[in-house]
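This report concerns only the one structure given below.
The values are calculated or read from the model by the stated rules, or taken from the named source; none is laboratory data. Quick caveat: nothing in here was measured; it's all calculated off a predicted structure. Using ideal geometry, Cβ is built from the backbone for each residue, glycine included, and neighbour counts are taken over all protein chains shown. To get the accessible areas, we keep the full protein, side chains included, count just its heavy atoms, and leave off ligands, DNA and RNA. Shrake-Rupley method; radii C 1.70, N 1.55, O 1.52, S 1.80 Å.
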Amino acid sequence: MNNIADRILQIKSTLHDDVELVAVSKFHPASAVKDAYDAGQRIFGESRVQELMMKIPELPDDIRWHFIGHLQTNKVRQIIGKTSLIESVDTLKLLEVIDRESVRAGVVTRVLMQVHVAREETKFGFDCNELIEWFSQYRYSNLKATHICGLMGMASNTNDEIRVRDDFKRIKECYESIRAACRKNLIGFDTLSMGMSHDYPIAIEEGATSVRVGTAIFGERVY
Ligand SMILES: *Cc1c(COP(=O)(O)O)cnc(C)c1O
């Protein structure tokens, strides 16, 4: 067995059945994706439109691609109908464009709203309170072809486990507040994507239903 397969199986053996593993294959070649696929992995995460579009035709059709990077509105059209989930909706403008392009393509696009809690200025995403308010006003009911399935978030990039755990707790609280605010109207809002290679066990303890693991499966990325 190759290393990628070994690592996939090892990580999977530590996850409960109800936690989804997204193998983040960005910056790794299609051959590495195929190794993971052959080990049974079907969900892969990519963060660049061009790279995703190059990999799709080279790999099996039953792969479910998650888009996890910052998505520019002018590139939305290219990926509509090609992803099983866009995890990184970070502005209302982007949400609007995804919805419009989904209507145009005659598909329903599944998305997560990205929340920002990490204490680094450069990270994308919504402020939790802003998002709770938006949901509380049932603003999502205007969407025609977009299904909001939950939230995605990242913890601060630090070895301080207490701070990482606190960030995950805040993302989870945001998720629960939205669910409580929209109890009757928001259907299928059940995905909480948080945790990466170095912190996914903590994310799971704090309620993640989906983890995005790259380096721990594919090794270091060469940018
Ligand atoms: C790259 C990336 C990951 C995976 O990071 P690793 O540390 O390699 O596991 C997860 N989530 C997002 C949003 C990413 O951009």
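Output the residues belonging to the range 178-207 that are within 12 Å of the ligand (Cβ to nearest atom) and crowded, with 16+ Cβ neighbours inside 10 Å.
First, the residues of the range 178-207 that are within 12 Å of the ligand (Cβ to nearest atom): 193-200, 203.
Across the range 178-207, the qualifying residues are Ser193, Met194, Gly195, Met196, Asp199, Tyr200, Ala203.
When Glu120 is tested against (1) part of a loop (DSSP other than H, G, I, E, B); (2) of a type in the set (D, E, K, R); (3) more than 16 Å from the ligand (Cβ to nearest atom); (4) touching a Ser or Thr at 6+ places or on another chain (Cβ under 8 Å), just one condition goes unmet, and that condition is (3). Listed by first and then second residue, the pairs linking a residue in the range 151-165 that is within 16 Å of the ligand (Cβ to nearest atom) to a residue that is of a type outside the set (S, T, N, Q) and open to solvent by 40 Å² or more (accessible area, probe 1.4 Å), with Cβ atoms under 6 Å apart and 6 or more places separating them unless they lie on different chains, are Ser156/Arg119; Ser156/Arg163.
Scan the range 101-113 for residues that are in a strand (DSSP E or B) and either open to solvent by 10 Å² or more (accessible area, probe 1.4 Å) or under 14 Å from Gly45 (Cα atoms) (or both) and report the count. Even if it seems obvious, please write down each step before you answer.
The initial filter retains those residues of the range 101-113 that are in a strand (DSSP E or B), namely 109-113.
Pick out the ones that are also either open to solvent by 10 Å² or more (accessible area, probe 1.4 Å) or under 14 Å from Gly45 (Cα atoms) (or both) and you get 110-112.
Summing the residues that are in a strand (DSSP E or B) and either open to solvent by 10 Å² or more (accessible area, probe 1.4 Å) or under 14 Å from Gly45 (Cα atoms) (or both) in the range 101-113 gives 3.
For Val222, the conditions (1) more than 18 Å from the chain's Cα centre (by Cα); (2) touching a residue at least 40 places away in the same chain (Cβ under 8 Å); (3) open to solvent by 20 Å² or more (accessible area, probe 1.4 Å); (4) more than 16 Å from the ligand (Cβ to nearest atom) all hold with the exception of (4). Residues of the range 140-175 that are more than 22 Å from Val103 (Cα to Cα) and in contact with a strand residue (DSSP E or B) (Cβ under 9 Å, 6 or more places away or on another chain): Leu151, Met152, Gly153, Met154, Ala155, Asp167, Phe168, Arg170, Ile171, Lys172, Cys174, Tyr175.
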